[in-house]
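The block underneath contains the structure these notes are about, expressed in structure tokens.
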Amino acid sequence: MKRSLVYIVLIAPYILMLSCNKDKPVVIHPTTEDVILKDVRYGNHERQKMDVYLPSERDRLTTKIVVFIHGGGWIAGSKDDLPVDVNNFQTLKEQFPGFALVALNYRLAESSENQYPAAEEDIIRAMNHVLANLESYQLAPEIYMTGGSAGAHLAALYTLKHHANGRVKGCIGVSGAYNLVSLYQIGNSEAKAALKAFLGGTPDQQLRSYEQASPINFVSSTAPKFLILHGKEDPLTPIGQANEFMAALEIKGVSHSSFTYSGGHGIPSEHLAKSFGYIRDFLK
């Protein structure tokens, strides 16, 4: 019953928005030029905003979407951590032709008010907004989720729990957390503090939340493909998180690939070129 109420709360505003807007003309953003839309609202909270980067020459049949979710231990970070401007947008277009980019903010667990499931709810709302505006943006309904650290966790969680419509085609996780119970058990003090802030306590105190927020618990044979990028010496989300998650994908027969590299949290500069190669191949 509780889960049903949560979905009603999340979906009802989306349905209401569609019914209220059904008679309004759709604003089609021009396809003959790049369009950058900053701070597009998908909710009323100051954090419920996204940036949308639309390449020129896009169309409803072939231009896919990459959705980027920032990291920061669920308590910090911003969509602006992905520094995209007019100039480097051109570089992204050259590296990843045929893709639009969406970068999301979400509510941070800076207080008990925005603890889990607030961030997950925000990703759902944001994705509902993107899907409701495919005609306006002139984009195909094919989505790849990606993120780093906490963003990788949220990207994987959305991909595995909310992909029933088949529009999520894959997920790229960089230094992600996939089993929050085991992360708390083996994580360092920084990881433990972030988890307690995000989930409102330890696994002993909030086991249900830890389980519901762990992507590994929602792996199924129908899951989209995954690309896992992870540092072998990561002190915050140890390589065991990636290994445990990939083992679960393997058991369910989910297509996945990985690149593990020397280094800690994130992708060191010496491994960026190879990582981009893996990502390009994954998106083909």
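Taking the range 32-50 as the range and being at negative phi, in a strand (DSSP E or B) and among the charged types (D, E, K, R) as the test, the residues that pass are Lys38, Arg41, Lys49. Scanning the range 188-225 for residues that are part of a loop (DSSP other than H, G, I, E, B), within 19 Å of Leu108 (Cβ to Cβ) and touching a residue at least 40 places away in the same chain (Cβ under 8 Å) returns Gly200, Ala213. For the range 129-151, state whether one or more residues are in contact with a strand residue (DSSP E or B) (Cβ under 6 Å, 6 or more places away or on another chain), in a helix (DSSP H, G or I) and within 18 Å of Leu227 (Cβ to Cβ). For the range 129-151, residues in contact with a strand residue (DSSP E or B) (Cβ under 6 Å, 6 or more places away or on another chain), in a helix (DSSP H, G or I) and within 18 Å of Leu227 (Cβ to Cβ): present.
Please tell me if Ala156 is without any contact (Cβ under 8 Å) to a residue 60 or more places away in the chain, touching a strand residue (DSSP E or B) at 6+ places or on another chain (Cβ under 8 Å), small (Gly, Ala, Ser) and not in a loop (DSSP other than H, G, I, E, B). It would help to see each step written out before you state the result.
Values: without any contact (Cβ under 8 Å) to a residue 60 or more places away in the chain: no; touching a strand residue (DSSP E or B) at 6+ places or on another chain (Cβ under 8 Å): yes; small (Gly, Ala, Ser): yes; not in a loop (DSSP other than H, G, I, E, B): yes.
Judged against the criteria, Ala156 is not a match.
The single residue among Ala126, Ala119 that is buried (at least 18 other Cβ atoms within 10 Å of the Cβ), in contact with a helix residue (DSSP H, G or I) (Cβ under 7 Å, 6 or more places away or on another chain), among the small types (Gly, Ala, Ser) and modelled with pLDDT of 95 or more turns out to be Ala119. In the range 51-63 there is no residue matching the filter, namely being assigned to a helix (DSSP H, G or I), modelled with pLDDT of 70 or more and not basic (Lys, Arg). Residues in the range 232-250 that are farther than 21 Å from Ala194 by Cβ and aliphatic (A, V, I, L, M) were compared, and the one that is surrounded by the fewest Cβ atoms within 10 Å (Cβ to Cβ) is Ala247.
Which of the residues spanning the range 69-120 are charged (D, E, K, R) and either over 19 Å from Leu157 (Cα atoms) or in contact (Cβ under 8 Å) with a residue 40 or more places away in the chain (or both)? Listed by number, the residues that qualify are Asp80, Asp81, Asp85, Lys93, Glu94, Arg107, Glu110, Glu113, Glu120. Among the residues examined, Asn114 does not qualify as modelled with pLDDT of 95 or more, polar (S, T, N, Q) and within 19 Å of Phe89 (Cβ to Cβ).
Within the range 88-116, being under 22 Å from Asp39 (Cα atoms), among the polar types (S, T, N, Q) and surrounded by 19 or more Cβ atoms within 10 Å (Cβ to Cβ) holds for Asn105, Asn114. For the range 89-100, the condition of being of a type in the set (D, E, K, R), out of contact with any Asp or Glu (no Cβ under 7 Å at 6 or more places or on another chain) and outside any loop (DSSP other than H, G, I, E, B) holds for at least one residue. For the criterion of being under 18 Å from the mean Cα position of the chain (by Cα) and surrounded by fewer than 19 Cβ atoms within 10 Å (Cβ to Cβ), Gly253 fails.
Looking only at the range 54-65, count every residue that is buried (at least 21 other Cβ atoms within 10 Å of the Cβ), over 15 Å from the mean Cα position of the chain (by Cα) and either under 25 Å from Gly77 (Cβ atoms) or among the small types (Gly, Ala, Ser) (or both) and tell me the total.
Going through the range 54-65 one residue at a time, the tally reaches 1.
Restricting to the range 260-277, name every residue that is in contact with a Phe, Trp or Tyr (Cβ under 8 Å, 6 or more places away or on another chain) and buried (at least 17 other Cβ atoms within 10 Å of the Cβ). Correct list: Ile267, His271, Ser275.
Among residues that are touching a Phe, Trp or Tyr at 6+ places or on another chain (Cβ under 7 Å), buried (at least 16 other Cβ atoms within 10 Å of the Cβ), closer than 30 Å to Pro97 by Cβ and at pLDDT 95 or above, Leu229 is included.
The values are calculated or read from the model by the stated rules, or taken from the named source; none is laboratory data. Keep in mind that this is a model prediction, so the values were computed, not measured. All Cβ positions, glycine included, derive from the backbone under ideal geometry; neighbour counts span all protein chains shown.
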